[in-house]
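**Q** One structure coming up, written as structure tokens, with questions to follow.
The values are calculated or read from the model by the stated rules, or taken from the named source; none is laboratory data. From a predicted model like this one, the values you see are computed outputs, not experimental measurements. When we count neighbours, we look across all protein chains shown, and the Cβ atoms used for this are built from the backbone with ideal geometry, even at glycine. Just so you know, the surface numbers come from the protein's heavy atoms only, side chains and all, with ligands and any DNA or RNA stripped out. Shrake-Rupley method; radii C 1.70, N 1.55, O 1.52, S 1.80 Å.
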Amino acid sequence: MLIGLVGKPSVGKSTFFKAATLAEVEIASYPFTTIKANHGVGYVKVDCIEKELNTKCNPNHGFCINGHRFVPVDLMDVAGLVQGASEGKGLGNKFLDDLRQADLFIHIVDASGTTDAGGKQTSGYDPCNDVVFLEDELNKWFNNIMVKIWKGFARKVEQESAKVNFAEAVAKQFSGLKVKEEDVKEVLLKLAFTKKPSQWTESEIMKFSSELRKYSKPMIIAANKCDHKDSEKNIKKMQDKFPDYMIYPCSADCELALREASKAGLIDYVPGDDDFKIIKNVTDKQKNALDKIKKDVLDVYGGTGVQEVLNMAVFEFLKYIAIFPASANKLADSKGKILPDCFLLPPGSTALDFAFFLHTDFGKNFVKAIDARTKKALGKGYVLKNRDALEIVTK
């Protein structure tokens, strides 16, 4: 799973990325600070099962704070997208190529309206324009890739229709874009074109490409800089104009400040919480900055939005589930670590899928799974639920 951060230059993508990962990246208020895509590890927040099992976990990957398990996910911050990127303007070709492997986009929008279409400082800009232009560029990008080969490809598949499933053939042909067969089927059903694919017009191919992009690479809008005086009205305007989008207020700057203060031992803060506690002497300047974050962001929005957006991306949009490997009788691994792992699996995964995920031999020699909570035996077809704790028994 790979989540791509997208948007025009200077909207706070790199700040969001740094806040989510605490990776060292260059942040500046001018266009194209990011030239090469930044890859890092962010974390989704899951209620750990340690309390239910009356123990304390020792994660191999990620971390656990006050019963909140933070599980790693891959994030990518790419260069800012400008109008005409699908034709190669700005850093368009590089930007779009970087995005091929993303499963979902988080579109960082400057909700304050203080950056224009090119990412330069201004005032009174309508961020709704950014939503329209970015979707348009992404759709054109998909279409440009597909239209080059569509007629010949579609004709070939139609000639082999007795042996080849069309949706499967499209998914295979465009697997480099992470298109899935289920996505193609959903789009074909929605569009209900009556003509053969080889006879589609350019506008019909464009419609198909656009819908396929939406299904294969869904998008959340993170309305950044939510603490600016104009942000509230701009966010409301975006929500009214784009009711089909999840538009969530956030402040990457504030989240980064809180995480760095926590890392420095100044405050006790759990990412995603609506409060923090000062645990060390801070300067008047630091105290004023923290008070402002509390007053302008946490008290207004119930959090900075960064952790919430990541969790929505993984659990609500991609519908992944968190699974804990755990024995019904022994919670520690061979090194003595208790509940050391928590993994994210795709929706619909079964006990057998989980066994193969852990190790090929576990899958091949699968006998049963055991629920660590109830000690109940489960078959290979058991469909996993979020926060299941399972032991895999092999022969």
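**Q** Quick one: would you say residue 166 is within 25 Å of residue 4 (Cβ to Cβ) and of a type in the set (Phe, Trp, Tyr)? Outline the logic, then answer.
**A** Numbers: within 25 Å of residue 4 (Cβ to Cβ): no; of a type in the set (Phe, Trp, Tyr): yes.
Spelling it out, it is not the case that residue 166 is within 25 Å of residue 4 (Cβ to Cβ) and of a type in the set (Phe, Trp, Tyr).
**Q** Applying the selection to the stretch 152-168, what residues are open to solvent by 100 Å² or more (accessible area, probe 1.4 Å) and either in contact with a strand residue (DSSP E or B) (Cβ under 8 Å, 6 or more places away or on another chain) or among the polar types (S, T, N, Q) (or both)?
**A** If the condition is that a residue be open to solvent by 100 Å² or more (accessible area, probe 1.4 Å) and either in contact with a strand residue (DSSP E or B) (Cβ under 8 Å, 6 or more places away or on another chain) or among the polar types (S, T, N, Q) (or both), then 159 is the only one that fits.
**Q** Which one of these does residue 79 not meet: (1) under 30 Å from residue 144 (Cβ atoms); (2) surrounded by 22 or more Cβ atoms within 10 Å (Cβ to Cβ); (3) modelled with pLDDT of 75 or more?
**A** That leaves (3) as the condition not met.
**Q** Go through the stretch 294-308 residue by residue and tally those that are over 25 Å from the mean Cα position of the chain (by Cα) and surrounded by 14 or more Cβ atoms within 10 Å (Cβ to Cβ).
**A** Selection size over the stretch 294-308: 2.
Here is a yes/no grid of residues against (1) over 24 Å from the mean Cα position of the chain (by Cα); (2) of a type outside the set (Ser, Thr, Tyr):
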| site | (1), (2) |
| --- | --- |
| 277 | yes, yes |
| 314 | no, yes |
| 363 | yes, yes |
| 371 | yes, yes |
| 377 | yes, yes |
| 394 | yes, no |
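**Q** Need pairs with beta-carbon distance below 6 Å; first residue small (Gly, Ala, Ser) and within the stretch 3-15, second open to solvent by less than 10 Å² (accessible area, probe 1.4 Å) and assigned to a loop (DSSP other than H, G, I, E, B); sequence gap 6+ or separate chains.
**A** 4/99; 4/102; 10/119
**Q** Kindly state which strands (runs of 3 or more DSSP E) lie completely within the stretch 318-373 and contain at least 1 residues that are open to solvent by 50 Å² or more (accessible area, probe 1.4 Å) and of a type in the set (D, E, K, R). Talk me through it step by step, then tell me what you get.
**A** Details: elements: 321-325, 343-345, 366-371.
Where strands (runs of 3 or more DSSP E) fall fully within the stretch 318-373 and carry at least 1 residues being open to solvent by 50 Å² or more (accessible area, probe 1.4 Å) and of a type in the set (D, E, K, R), they are 366-371.
**Q** Among the residues of the stretch 335-354, are any at positive phi and hydrophobic (A, V, I, L, M, F, W, C)?
**A** We begin by selecting, within the stretch 335-354, every residue at positive phi; these are 336, 339, 348.
From what's left, hydrophobic (A, V, I, L, M, F, W, C): 339.
Looking for residues that are at positive phi and hydrophobic (A, V, I, L, M, F, W, C), one finds at least one in the stretch 335-354, hence yes.
**Q** Do you know which residues across the stretch 118-144 are of a type in the set (A, V, I, L, M) and either open to solvent by 40 Å² or more (accessible area, probe 1.4 Å) or free of Cβ contacts under 8 Å to residues at least 24 places away in the same chain (or both)?
**A** Listed by number, the list holds a single entry, 132.
**Q** While we're here: What are the residues in the stretch 266-286 that are assigned to a helix (DSSP H, G or I) and either in contact (Cβ under 8 Å) with a residue 40 or more places away in the chain or open to solvent by 80 Å² or more (accessible area, probe 1.4 Å) (or both), if any?
**A** Going residue by residue through the stretch 266-286, those that are assigned to a helix (DSSP H, G or I) are 284-286.
Residues satisfying the conditions are 284, 285.
**Q** Could you name every one of the helices (runs of 4 or more DSSP H) located completely within the stretch 169-265 that has at least 2 residues being within 30 Å of residue 112 (Cα to Cα) and open to solvent by less than 60 Å² (accessible area, probe 1.4 Å)? Walk me through it before giving the result.
**A** Values: elements: 181-191, 202-216, 231-241, 252-263.
Qualifying helices (runs of 4 or more DSSP H): 202-216, 231-241, 252-263.
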